[in-house]
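A.B. asks: Starting off with a structure, shown below.
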Amino acid sequence: MPKVKIPYHLGIIIDGNRRWAREKGLPVFEGHKRGLKKIKEVIKWCRERRVKILTFFVFSTENWKRSKMEVSYLMKLAQEIMKNYIKEARKERIKIKIIGQKEKLPRALAKAIKNTEELTKNNKEMTVNFALSYGGRLEITEAVKNIIKKRIPPEKITEEVISENLWTSDLDLLIRTGKEQRLSNFLIWQVAYSELYFTKKYWPDFTEKDLEEAFEDFSLRQRRFGK
């Protein structure tokens with residue numbers, strides 16, 4: 001087995017919280033609560049392995065269609081992690097960033113996000129992105145709008161220019177839990193040359209060993225970038 005290669009930028013589609021809860025006869029909210037706990041654990045495991053950027057797909061633009069009660073609970077969980085994780089993030093020099101439609105988020109959550117981002121913006125050890133009210137097509141649309149605002153002439157618009165106006169950088173490895181094998185509109189520009197890894201485990205059941213196995217699999221891939 002070759003030396004385990006660590007992705008510089010790891011993306012994770014966290015899927016299966018609700019199915020995990022239902023199969024155990026628990027309320028759906030309990031699945032989301034366990035999912036939040038798992039996020040904190042995975043941040044720790046990735047920091048120990050020197051992952052530099054970690055992006056979680058937490059809440060999509062389509063997730064607003066869920067029941068008001070579930071959406072409200074998810075927003076409160078997001079607010080909880082912003083408030084309760086800030087101390088550890090500062091201690092471990094982790095930069096926290098939210099990508100997505102911040103303007104659609106509840107006022108209390110938006111305030112907590114602004115405070116967290118401000119207090120961690122100079123941290124260099126690791127960046128953790130939370131994709132909230134996020135969609136890949138939305139991100140590209142916003143990048144185009146930003147390019148227009150900058151009055152960049154069409155002949156000057158390159159792939160590099162578009163990348164520079166996106167919310168985060170290219171992915172090296174994408175992990176999706178929960179048995180599904182699709183991108184679900186997550187970082188669709190940045191995933192162009194990334195390696196994909198799907199696991200049947202639901203997100204609350206994802207373990208440190210599962211993360212290690214994903215990295216071992218990534219180490220065996222030959223990334224050709226079209227060559």
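A.B. asks: Within the set of other residues whose C-beta is less than 15 Å from the C-beta of residue 122, count the net charge using Lys and Arg as +1 and Asp and Glu as -1.
C.D. replies: Its environment carries a net charge of +3.
A.B. asks: Give, as ranges by residue number, the residues of region 60-94 whose backbone N falls under 12 Å from the point 7 Å along Cα→Cβ of residue 142.
C.D. replies: Answer for this model: 61.
A.B. asks: Return P(r) of region 155-227 (all Cα-Cα pairs; 5 Å bins starting at 0; whole %; ordered from short to long distances).
C.D. replies: 3, 13, 21, 20, 19, 11, 6, 3, 1, 1
A.B. asks: Same structure again: Taking amide H positions as placed 1.01 Å from N in the peptide plane, with prolines and chain starts having none, which residues 5 or more places from residue 58, or on another chain, fall under 5 Å of its amide H?
C.D. replies: Those lying under 5 Å, H to H, from residue 58 are 131.
A.B. asks: Exactly which GluC sites (Glu not before Pro) in region 144-227 are in a DSSP loop and have at most 15 other Cβ atoms within 10 Å?
C.D. replies: In loop regions of region 144-227 (DSSP not H, G, I, E or B), the sparsely surrounded GluC sites (Glu not before Pro) are 180.
A.B. asks: Where a ≥ b ≥ c are the square roots of the eigenvalues of the C-alpha gyration tensor, would you call the chain rounded, which needs a/c under 1.5, or, failing that, prolate if a/b is larger than b/c, or oblate?
C.D. replies: Cα axes put the chain in the rounded bin.
A.B. asks: Which entries of 76/124; 83/124; 95/179; 87/111 show an alpha-carbon separation above 26 angstrom in the structure shown? Spell out each step's value before the answer.
C.D. replies: Values: 76/124 28 Å; 83/124 20 Å; 95/179 30 Å; 87/111 17 Å.
Beyond 26 Å between Cα atoms: 76/124; 95/179.
A.B. asks: Hey, what number do you get for the chain at 222 nm if only DSSP H runs of n ≥ 4 count, each worth -39500 (n - 2.57), divided across all residues, to the nearest 500?
C.D. replies: -13500 deg cm²/dmol
A.B. asks: Give me the net charge of residue 82's neighbourhood, meaning all other residues with Cβ under 10 Å from the Cβ of residue 82; Lys, Arg count +1, Asp, Glu -1.
C.D. replies: Result for the local shell: +1.
A.B. asks: Hey, with R₀ at 22 Å, roughly what FRET efficiency would residue 84 and residue 4 work out to, going by the Cβ-Cβ distance, to 0.05?
C.D. replies: Details: r = 31 Å, r/R0 = 1.42.
Given R0 = 22 Å and the Cβ-Cβ separation, E is 0.10.
A.B. asks: Build a GNM of the chain with springs between Cα atoms under 10 Å: which of 47, 182, 34 gets the top mean-square fluctuation?
C.D. replies: 182
A.B. asks: Now, a different point. List the relative contact order of the chain as a percent without decimals, with contacts defined as Cα pairs under 8 Å and 6+ residues apart.
C.D. replies: Once normalised by length, the contact order is 29 percent.
A.B. asks: A follow-up question, please. For the chain, with a Gaussian network of springs between Cα atoms less than 10 Å apart, report the residue from 74, 171, 132 with the top mean-square fluctuation.
C.D. replies: Maximum among the listed residues: 74.
A.B. asks: In the neighborhood of residue 185, defined by Cβ-to-Cβ distances under 10 Å, what is the net charge if each Lys or Arg adds +1 and each Asp or Glu adds -1?
C.D. replies: On the way: positive: 137, 182; negative: 62, 139.
Residues near residue 185 contribute 0 overall.
A.B. asks: So which DSSP H runs in the chain come out at 15 Å plus along the axis (Cα) with average Kyte-Doolittle of at least 1.0?
C.D. replies: The qualifying helices: there are none.
A.B. asks: Work out which chymotrypsin sites (Phe, Trp or Tyr not before Pro) in the chain are exposed loop sites (DSSP not H, G, I, E or B, at most 15 other Cβ within 10 Å) and give the longest gap free of them.
C.D. replies: Values: sites that count: 8, 193, 225.
The reported range is 9-192.
Taken together, the values in this text are just the output of simple stated rules run on the coordinates, not laboratory data. What you see is a predicted model; the values in this text were computed from it and never measured. A quick note on method: Cβ atoms are made from the backbone with ideal geometry, for glycine too, and the neighbour counts reach across all protein chains shown.
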